[in-house]
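Here's the structure we're looking at; comments come further down.
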Amino acid sequence: VIPDDPDALLEAARGGSRGALARALTLIESGGEPQRALARSAYAAPAPYALGVTGPPGAGKSTLTDRVVAALLDGIAERVAVLCVDPSSPFTGGAILGDRIRMQDHATDPRVYIRSMATRGHLGGLALAVPDAVRVLGALGWGWVIVETVGVGQLEVDVAATADTTVVVTNPGWGDSTQAAKAGLLEVADVFVINKADRDGVAETRRDLEQMLDLSAPGAWRAPVVATVATTGEGVDGLLGAILDHRDHLRATPSAQRGLERARAELERALGATLRSRVAGLDGGAAYDEQVAALAEGRTDPYRAAEALLGPA
Ligand SMILES: Nc1nc2c(ncn2[C@@H]2O[C@H](COP(=O)(O)OP(=O)(O)O)[C@@H](O)[C@H]2O)c(=O)[nH]1
Ligand SMILES: [Mg+2]
């Protein structure tokens, strides 16, 4: 039997119950008081090492993640969890045969936990659920958590902000994508991967990436560019090396600025969620619905509506 009480749930998950772990993450996705209770416990424990993997659909993120999981388990991590926020991820079941067979290897491995994340429709959505899920996994002893997301939307930027290291996966021919898409990925990348390096155009893509890196604001860390063939595993050692170098860089340059930025993002998420839940609870939700209707009918403006719900700013 899987308990409902957050503490009992975490206890059961800590004891190795996959059912309890799955239920805890479902509660995190669902929002509300159970989510907050779980998150409160989770944030009391140390954070895991969070590795973001992002890039366009089909770039090979899942195939590569699978390789990185195996490489991490080979002497670096005792356990690795993977959260897939990519709706097209093979991990969610839409797999081509090869991916499914490989994932089955991991599926029976007690050192690996793979889970796709959904919003369950609550306000705040994945931008809230993913960072909390990462912390829940960390509190349960998953020392490494990989988060796979697609593209360059706000979610990716939010997830990248909570990741310790963000890997951006591109392919040969990346130079053809729009400047805006490239700039968005450039902004979040700690490591660049040119995956599908078995195809033509690797040198051009590398040149293009290096040029963009030359032009971007100089920082203490310049994202290395690594070429991989995820399907064969070629270059994965180099990718792991780049990830660990970035981890070492973070450790060697503890930054108050980085700590403050992360803390501010965490507080903003919690503030948003707390305000939303407070407002949703007023009058059993009727007050909120009334303000939405008033706004739609032009009887109020958004600022007056917010103050009607929360009091003056
Ligand atoms: N030729 C080639 N195909 C690859 C490589 N990596 C992945 N693929 C294939 O590209 C497709 C998409 O891979 P997937 O990992 O699902 O991409 P994702 O959408 O980014 O997660 C699959 O058919 C993979 O087998 C690679 O390095 N070379
Ligand atoms: Mg995928």
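The values are calculated or read from the model by the stated rules, or taken from the named source; none is laboratory data. What you see is a predicted model; the values in this text were computed from it and never measured. We place every Cβ from the backbone using ideal geometry, glycine too, and count neighbours over all the protein chains shown.
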task: For the stretch 170-225, enumerate the residues that are of a type in the set (Gly, Ala, Ser) and within 14 Å of residue 239 (Cβ to Cβ).
output: 189, 197, 223
message: Condition first: more than 17 Å from the chain's Cα centre (by Cα), surrounded by 15 or more Cβ atoms within 10 Å (Cβ to Cβ) and among the charged types (D, E, K, R). Now tell me which residues in the stretch 12-50 satisfy that.
response: 23, 36
query: Is it the case that residue 75 is modelled with pLDDT of 80 or more, surrounded by 23 or more Cβ atoms within 10 Å (Cβ to Cβ) and either of a type in the set (Phe, Trp, Tyr) or on the phi > 0 side of the Ramachandran plot (or both)?
result: no
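Condition check ((1) at pLDDT 90 or above; (2) within 16 Å of ligand 1 (Cβ to nearest atom); (3) of a type in the set (D, E, K, R)) across all residues:
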position	(1), (2), (3)
258	no, no, yes
274	no, no, no
292	yes, no, no
296	yes, no, no
- line: Within the stretch 227-246, the residues that are over 21 Å from the mean Cα position of the chain (by Cα) and outside any helix (DSSP H, G or I) are 227, 228, 229, 231, 232, 233, 234, 235
- request: Would you mind stating whether residue 244 is surrounded by fewer than 19 Cβ atoms within 10 Å (Cβ to Cβ) and over 18 Å from residue 185 (Cα atoms)?
  value: yes
query: Within the set of pairs 6 or more residues apart or between chains, which connect a residue that is within 27 Å of residue 76 (Cα to Cα) inside the stretch 247-266 to a residue that is surrounded by 10 or more Cβ atoms within 10 Å (Cβ to Cβ) with Cβ atoms less than 6 Å apart?
result: 249/221
- prompt: Looking at residue 194, is it part of a helix (DSSP H, G or I) and β-branched (Val, Ile, Thr)?
  reply: no
statement: residue 233 meets each of (1) without any contact (Cβ under 8 Å) to a residue 40 or more places away in the chain; (2) touching a Lys or Arg at 6+ places or on another chain (Cβ under 7 Å) with one exception, condition (1)
